[in-house]
Amino acid sequence: MRNTLVIAIRYTIITTILLGIGYPLLVTGLAQLMMPAKANGSLITRDGQVVGSALIGQGFTSPRYFHSRPSAAGNGWDATSSGGSNLGPTNQALMTRIDAAVAQWHKDDPEAKGPVPIGLVTTSGSGLDPDISPEGALYQVPMVAAARHLPEETVRALVESHIEGRQFGFLGEPTVNVLELNLALDALPGQSQTSK
């Protein structure tokens, strides 16, 4: 009995050292060597200051900026509270929230034509999605162009240049990273950063 206990304790110590310390250090070291930007959170900087991550959405409310998908993660885009709402398509709370979001879009952008794209009024599975669909971005072009006093063609061309295709050409759907698109807007001649 005592012999079995000693063996169990030894194996616990060995596996803790190997799998709890050694393996995480090895994987972290390899990630830092092979892809340091991704290993450090895919951070996006402007003027030497971190403004966000390409992997975590942010809330934009000004009509001068493209808006992200709504978030179900805590209080806004809280990375510590990642998760979807888990509300099904027949849930009355979800339907009420979507109706309110559609009404808000029509209030914020009364000149918008056509139905509001579903991705602009529903949350993603993580609640932290940094991307919107190309349709969602193109829907916002007139609002952003009017707020910035830019021709719609200029803003539309900027959106189209930021459309990322399917991964490996066949996985997922095309997307537009909202933070990167908004930073590109601020970088246009005569445009400047304002509060989001």
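Miscellaneous remarks
- Checked against (1) of a type in the set (S, T, N, Q); (2) over 24 Å from Glu152 (Cβ atoms); (3) exposed (fewer than 14 other Cβ atoms within 10 Å of the Cβ), Thr61 passes all but a single condition, namely (2).
- The listed residues are Val116, Val102, and the only one of them that is more than 19 Å from Trp77 (Cβ to Cβ), outside any helix (DSSP H, G or I) and assigned by TED's automatic domain parsing to the domain that holds Leu179 turns out to be Val116.
- Gly41 being surrounded by 14 or more Cβ atoms within 10 Å (Cβ to Cβ) and in contact (Cβ under 8 Å) with a residue 40 or more places away in the chain: no
- Leu138 in contact with a helix residue (DSSP H, G or I) (Cβ under 7 Å, 6 or more places away or on another chain), under 19 Å from Ser62 (Cβ atoms) and touching a residue at least 12 places away in the same chain (Cβ under 8 Å): yes
- Meets criteria (in contact with an Asp or Glu (Cβ under 6 Å, 6 or more places away or on another chain) and not acidic (Asp, Glu)) for Arg64: no
- Top-ranked residue in the range 119-138 [being over 17 Å from Ser161 (Cα atoms) and either among the polar types (S, T, N, Q) or outside the structural domain of Gly76 (by TED's automatic domain parsing) (or both); ranked as modelled with the highest pLDDT]: Thr122
The values are calculated or read from the model by the stated rules, or taken from the named source; none is laboratory data. Remember, it's a predicted structure, so these values are computed and weren't measured experimentally. In this analysis, Cβ positions are derived from the backbone assuming ideal geometry, glycine residues included, and neighbour counts consider all displayed protein chains.
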